[in-house]
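Engineer: Below are the structure tokens for one structure; questions will follow.
The values are calculated or read from the model by the stated rules, or taken from the named source; none is laboratory data. Computed from a predicted structure; not experimentally measured. Cβ coordinates were reconstructed from backbone atoms using ideal geometry, including for glycine residues, and neighbour counts include every protein chain displayed.
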Amino acid sequence: TTAAPLEVSGQTIQRDDWTNVTPHILAKVPRALHRTPHHPVALIAKLIEHYWQTRVSPDFKAINNLDPVVSTTENFDHLLFPKDHPGRSRHDSYYLNRDTLLRTHTSAHQTQLLANGSQNFLLSADCYRRDEIDASHYPVFHQMEGFRTFDAAALQALPDPPSPYKATEGNPQQGVHDPRLVGRVAHDLQSHLDSMVQFLFAQPGQEKLQVQWIDAYFPFTAPSWEMEVQYQGKWLELLGCGVVQQPIFQRALGESDGSADQCMGWAFGLGLERLAMVLFRIPDIRLFWSTDPRFLDQFAKVDPTDPTSVVHFTPFSHFPPCFKDVAFWLPEDAAVGDKFHDNSMFDLVRDVAHDLVENVALIDEFTNKKGRKSKCFRITYRSMDRNVTNEEINAIQAKVRQALAAELKVELR
Ligand code: PHE
């Protein structure tokens, strides 16, 4: 029954009024794509580890086995998220109960790893966020967290950047930092990330990738940037990064002996599917979850120490889509109506249709004279590996409609 405690990665966790994780999501936890041999997500992680360990420093420790169940303290508080940060919302994250959730990013482990003595690490892991449904969004995805610590001696030994660092308005440095050292740490971060993508995209005939740095904001780094690469005529965001907030070192290393104040560090968080889709030309994010050997077998010969061995994915024949619209009035009861969130609809469709759903798009929305709101969504159903029948999809659509009425209390039109 729905009231039974949750069983996740060997733990039994009590539900409460905050629980919103769905069975469909929990079923993904054991898949561990980033540890599956020949899987493109695992291959990308290995290629990146190879770059840092052989071209930058053998000190980078590769980690890929941390439990996705974390506390709100680890995922948010230790990373200095304000209490009212939207990332904490139940609309955006999968909570097991008020205190525990499926990690929304690999940064959740920074404090714990530093406290256990890891100073330089590459952590790959499955992450979970409630999101829209299309070819590049999936509620489970994988990130790699890179983290580098410099002690006082290492900071002195770092070269200065070609042009001096200047803080920009809107992307300030931390007051406690010497701007000269911020410049060195930021240059170390950005120059190696730039070399890393050049290393990954070193296929025969491939031109040098264009890279740009965009000022960004993360509660746990300052200054912060996003790195974008030019791909097929568009700028594509690959990662977030920045200079680690000093309170993170202080909490993890203790404030007593002053060692936390002597060191500085950088961190980055990179979307592994994003990068894998580009590098292996994988057109739909659901393919990563396919158990069809026609998917995995294509990557069997890729050597995870050699980016020139990367192959482009050849789609199995393209199967036809099937479109179904559903329109409904939001609940009359204003309290319930206000609570309706598109992400609840997306999770409901995933729970019923699993990976047969390709896209859910809001195609119409209006409020009538009486103030009642109507929404219409177009659901695209398509399988990645076979033809679907109209009867099969009609049956799924009927279940979606039933669940919408029963669970989200909408009035179907
Ligand atoms: N954790 C951030 C995210 O998921 C990315 C990030 C990691 C940014 C490390 C800065 C430093 O969006």
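Engineer: Could you pull out the residue among K409, K373, K399 that is over 26 Å from R294 (Cα atoms), modelled with pLDDT under 95 and touching a helix residue (DSSP H, G or I) at 6+ places or on another chain (Cβ under 6 Å)?
Structural biologist: K409
Engineer: What is the residue count in segment 372-388 for residues that are outside any strand (DSSP E or B) and of a type in the set (V, I, T)?
Structural biologist: The initial filter retains those residues of segment 372-388 that are outside any strand (DSSP E or B), namely 372, 382-388.
Within this subset, residues satisfying the condition of being of a type in the set (V, I, T) are 388.
Residues meeting the conditions: 1.
Engineer: Could you list, ordered by first residue, the pairs with Cβ atoms under 7 Å in which the first is in segment 202-229 and over 23 Å from D306 (Cα atoms) and touching a residue at least 12 places away in the same chain (Cβ under 8 Å) and the second is surrounded by fewer than 13 Cβ atoms within 10 Å (Cβ to Cβ) and hydroxyl-bearing (S, T, Y), at least 6 apart or interchain?
Structural biologist: Listed pairs, sorted by first residue: D215/T168.
Engineer: Quick test for you: out of L330, L348, pick the one residue that is surrounded by 15 or more Cβ atoms within 10 Å (Cβ to Cβ) and over 29 Å from the mean Cα position of the chain (by Cα).
Structural biologist: Answer to the selection: L330.
Engineer: Right, here's the next one. Quick one: count up the residues across segment 205-216 that are surrounded by 15 or more Cβ atoms within 10 Å (Cβ to Cβ) and either over 26 Å from Q173 (Cβ atoms) or among the hydroxyl-bearing types (S, T, Y) (or both).
Structural biologist: Residues flagged as surrounded by 15 or more Cβ atoms within 10 Å (Cβ to Cβ) and either over 26 Å from Q173 (Cβ atoms) or among the hydroxyl-bearing types (S, T, Y) (or both) within segment 205-216 amount to 1.
Engineer: Being of a type outside the set (A, V, I, L, M, F, W, C), over 30 Å from R378 (Cβ atoms) and either within 13 Å of the ligand (Cβ to nearest atom) or in a strand (DSSP E or B) (or both) is the filter here; which residues of segment 104-129 pass it?
Structural biologist: H105, T106, S107, H109, Q110, T111, S124
Engineer: For segment 235-266, enumerate the residues that are of a type in the set (S, T, N, Q) and either in contact with a helix residue (DSSP H, G or I) (Cβ under 7 Å, 6 or more places away or on another chain) or more than 12 Å from Q110 (Cβ to Cβ) (or both).
Structural biologist: Residues satisfying the conditions are Q246, Q250, S256, S259, Q262.
Engineer: Among L193, L272, which is the only one that is crowded, with 18+ Cβ neighbours inside 10 Å, within 27 Å of F81 (Cα to Cα) and in contact with a His (Cβ under 6 Å, 6 or more places away or on another chain)? Break it down stepwise before answering.
Structural biologist: On the way: L193 fails: in contact with a His (Cβ under 6 Å, 6 or more places away or on another chain).
It is L272.
Engineer: Filter segment 75-103 down to the residues that are within 19 Å of F346 (Cβ to Cβ), within 13 Å of the ligand (Cβ to nearest atom) and either out of contact with any strand residue (DSSP E or B) (no Cβ under 6 Å at 6 or more places or on another chain) or part of a helix (DSSP H, G or I) (or both) and list them by number.
Structural biologist: Listed by number, the residues that qualify are P86, G87, D92.
Engineer: Next question, about the same structure. Kindly indicate whether any position in segment 172-191 is modelled with pLDDT under 95 and more than 21 Å from R148 (Cβ to Cβ).
Structural biologist: Checked against the condition, which is being modelled with pLDDT under 95 and more than 21 Å from R148 (Cβ to Cβ), segment 172-191 yields no hits at all.
Engineer: Can you tell me which residue in segment 206-246 is nearest to the ligand (Cβ to nearest atom), limited to those that are farther than 18 Å from S191 by Cβ and among the aromatic types (F, W, Y)?
Structural biologist: F218
Engineer: Would a scan of segment 55-69 turn up a residue that is part of a loop (DSSP other than H, G, I, E, B), over 15 Å from the mean Cα position of the chain (by Cα) and more than 29 Å from M277 (Cβ to Cβ)?
Structural biologist: For segment 55-69, residues part of a loop (DSSP other than H, G, I, E, B), over 15 Å from the mean Cα position of the chain (by Cα) and more than 29 Å from M277 (Cβ to Cβ): present.
Engineer: Condition first: aliphatic (A, V, I, L, M), touching a Ser or Thr at 6+ places or on another chain (Cβ under 8 Å) and farther than 29 Å from L189 by Cα. Can you find one or more residues in segment 107-129 that meet it?
Structural biologist: To start, the set of residues in segment 107-129 that are aliphatic (A, V, I, L, M) comprises 108, 113-115, 122-123, 125.
Still in the running and touching a Ser or Thr at 6+ places or on another chain (Cβ under 8 Å): 114, 123, 125.
Pick out the ones that are also farther than 29 Å from L189 by Cα and you get none.
No; the residues of segment 107-129 include none that is aliphatic (A, V, I, L, M), touching a Ser or Thr at 6+ places or on another chain (Cβ under 8 Å) and farther than 29 Å from L189 by Cα.
Engineer: Could you say which residue among N359, N343 is under 30 Å from I44 (Cα atoms) and touching a His at 6+ places or on another chain (Cβ under 8 Å)?
Structural biologist: N343
Engineer: So which of A361, A405, A398 is touching a strand residue (DSSP E or B) at 6+ places or on another chain (Cβ under 9 Å), surrounded by fewer than 17 Cβ atoms within 10 Å (Cβ to Cβ) and in a helix (DSSP H, G or I)?
Structural biologist: Only one candidate passes the filter, namely A405.
Engineer: Next question. State which residue pairs qualify: first residue over 15 Å from Q245 (Cα atoms) and of a type in the set (V, I, T) and inside segment 258-271, second residue more than 8 Å from the ligand (Cβ to nearest atom) and part of a helix (DSSP H, G or I) in any location, beta carbons under 8 Å apart, and separation of 6 or more residues or different chains.
Structural biologist: Listed by first residue and then by second, the contacts come to nothing, as the list is empty.
Engineer: In this structure, is E132 more than 16 Å from the ligand (Cβ to nearest atom), within 30 Å of Y95 (Cβ to Cβ) and either touching a residue at least 12 places away in the same chain (Cβ under 8 Å) or outside any loop (DSSP other than H, G, I, E, B) (or both)?
Structural biologist: So E132 fits the description; yes.
Engineer: Additional query: Tell me which residues, restricted to segment 179-197, are over 22 Å from the mean Cα position of the chain (by Cα) and within 20 Å of T54 (Cβ to Cβ).
Structural biologist: Of the residues in segment 179-197, the ones over 22 Å from the mean Cα position of the chain (by Cα) are 179-188, 191, 195.
The answer is D188, S191, S195.
Engineer: Please identify the pairs in which a residue from segment 85-98 that is without any contact (Cβ under 8 Å) to a residue 60 or more places away in the chain has its Cβ atom under 6 Å from the Cβ atom of a residue that is among the aromatic types (F, W, Y), counting only partners at least 6 apart or on another chain.
Structural biologist: R88/F76
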